[in-house]
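The values are calculated or read from the model by the stated rules, or taken from the named source; none is laboratory data. Bear in mind the structure is a predicted one, so any value in this text is a computation, not a measurement. We place every Cβ from the backbone using ideal geometry, glycine too, and count neighbours over all the protein chains shown. Protein only, heavy atoms only, side chains kept; ligands, DNA and RNA dropped before computing areas. Shrake-Rupley method; radii C 1.70, N 1.55, O 1.52, S 1.80 Å.
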Amino acid sequence: MRRAVFVCAVVSLMAGGGIMSGQGGGNPFVDHSDTGETVHVLPAPASIHSPHATQPTDAPPHRGVSVFPASYGSGNLVNHGGRQIPFAGFFAIYWNGTVASTAGSQGQPNLRSEVQSFVTSFSTSADYSIITQYGAADAISPVLAWAGDFVDSRAPQGSFSDSKVRSYIASLFNSGVVAADASTVYGVYFPSGMKITMQGGASCSAFCGYHGHFAYNGKDIKYAVFPYTDCRACSLPGKAVADMLTIVTSHEVREAVTDPDLDAWFDAAGYEADDKCAWHNLYQTASGHFWVQPEYSNGLSGNPGPGCIVP
């Protein structure tokens with residue numbers, strides 16, 4: 001059954017009204033930590049502009065599936081030889097009870113409940129399993145495991161750098177309240193007003209989320225950062241904070257699994273799978289009706305495509 005799709009119209013705030021390609025420098029989806037590490041960010045909707053059409057084309061034999069042209073990047077994804085996470089899990093970390101108790105949407109009482117319900121339903125759906133086509137170095141399981149969550153009790157801070165985010169996650173490992181696992185994506189949800197900073201700018205202006213990795217006791221830890229989306233730059237008409245956070249979570253989780261070390265799947269211009277479909281043709285999942293963005297498909301392994309897929 002075809003579902004309603006929310007087409008996000010974005011206004012370019014960049015010089016010249018376009019986007020520049022390339023790994024790093026000109027790619028708006030690439031930034032660097034305060035200590036120099038490369039991370040992949042999701043820019044705010046109004047900071048990027050798609051030069052491409054976003055009208056759907058049906059691709060038989062996948063009737064009922066909408067295939068949209070990629071909004072960004074150049075051509076199909078290319079395998080650059082890096083690893084994937086074969087049996088991935090997701091663990092949610094809340095900076096404090098205030099963010100965890102944020103009002104939910106889609107019938108959920110709060111954000112903590114919504115994230116768990118979202119990941120549980122998302123993980124066994126075509127919205128997630130489409131990434132199995134990118135299992136090259138490692139075969140990707142079609143199921144994303146819910147690894148649990150932890151609600152901390154920290155006071156908000158005005159500004160918090162990416163290196164401090166990594167140190168914070170490591171401190172949870174050191175204290176034993178969270179177990180370190182190289183196959184888990186650790187998603188950190190921050191409260192309203194707390195800005196995460198990069199070399200290229202801060203959350204709620206330059207970006208709405210990102211993913212990266214770091215070494216901890218010989219393990220390659222994958223993490224994703226979710227600033228609070230009550231700011232104008234990371235808001236969309238008709239979307240609650242919880243809706244915006246499931247959209248950003250869908251983007252970062254799939255990329256963290258298919259390109260965890262930023263050396264695996266991206267196109268000729270350096271765009272990862274979800275970058276190519278960012279902020280356009282948003283839709284609600286069949287199970288739970290959570291808001292997500294499309295995933296880019298190369299059309300491998302019997303999947304529809306190439307293009308941004310709305311199942």
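For this structure, a couple of remarks:
- Here the calculated FRET efficiency for residue 124 and residue 179, from their Cβ-Cβ distance with R0 = 25 Å, stands at 0.60, rounded to the nearest 0.05.
- Highest-fluctuation residue, 139, 170, 155 considered, GNM on the chain with Cα pairs under 10 Å: 155
- The convex hull built on the alpha-carbon positions of segment 147-259 has an orientation-averaged projected area of 7.3 nm².
- Portion, in percent, of the accessible area of the chain that falls on carbon or sulfur, probe 1.4 Å: 54
- Here each label is just a point 7 Å from Cα along the line to Cβ, and for residue 167 and residue 35 those points are 0.8 nm apart.
- Relative pair counts by distance (%), Cα atoms of the chain, 10 Å bins: 6, 30, 39, 21, 3, 0
- Largest GNM mean-square fluctuation across 44, 103, 179, computed for the chain with C-alpha springs under 10 Å, falls on 179.
- Hypothetical label at residue 205: residues of segment 139-160 whose amide nitrogen lies under 15 Å (7 Å Cα-Cβ projection): 158-160
- Of the cross-linked pairs 195/219; 164/276; 164/219, those separated by over 24 Å at the C-alpha level are 195/219; 164/276.
- Cα gyration tensor shape of segment 187-311, rounded if a/c is under 1.5, else prolate or oblate by comparing a/b with b/c: oblate
- Virtual paramagnetic centre 7 Å along Cα→Cβ of residue 152, amide N under 19 Å, in segment 184-210: 184-198, 203-204, 209-210
- Under 11 Å from the residue 74 label point (7 Å along Cα→beta-carbon), backbone N, segment 257-294: 267-271
- Approximate spin-label separation residue 287-residue 83, in nm, with each point projected 7 Å along Cα-to-Cβ: 2.8
- Between residue 261 and residue 137, the simple label model (points 7 Å from Cα in the Cβ direction) yields a spacing of 0.4 nm.
- Accessible area expressed per residue, the chain, with surrounding protein chains retained (probe 1.4 Å, Å²): 36
- Stretch gain in nm, segment residue 145-residue 113, where the contour uses 0.36 nm per residue and the Cα spacing is subtracted: 9.9 nm
- Alpha-carbon gyration tensor eigenvalues x 5, square-rooted, for segment 142-210, Å: 23, 16, 12
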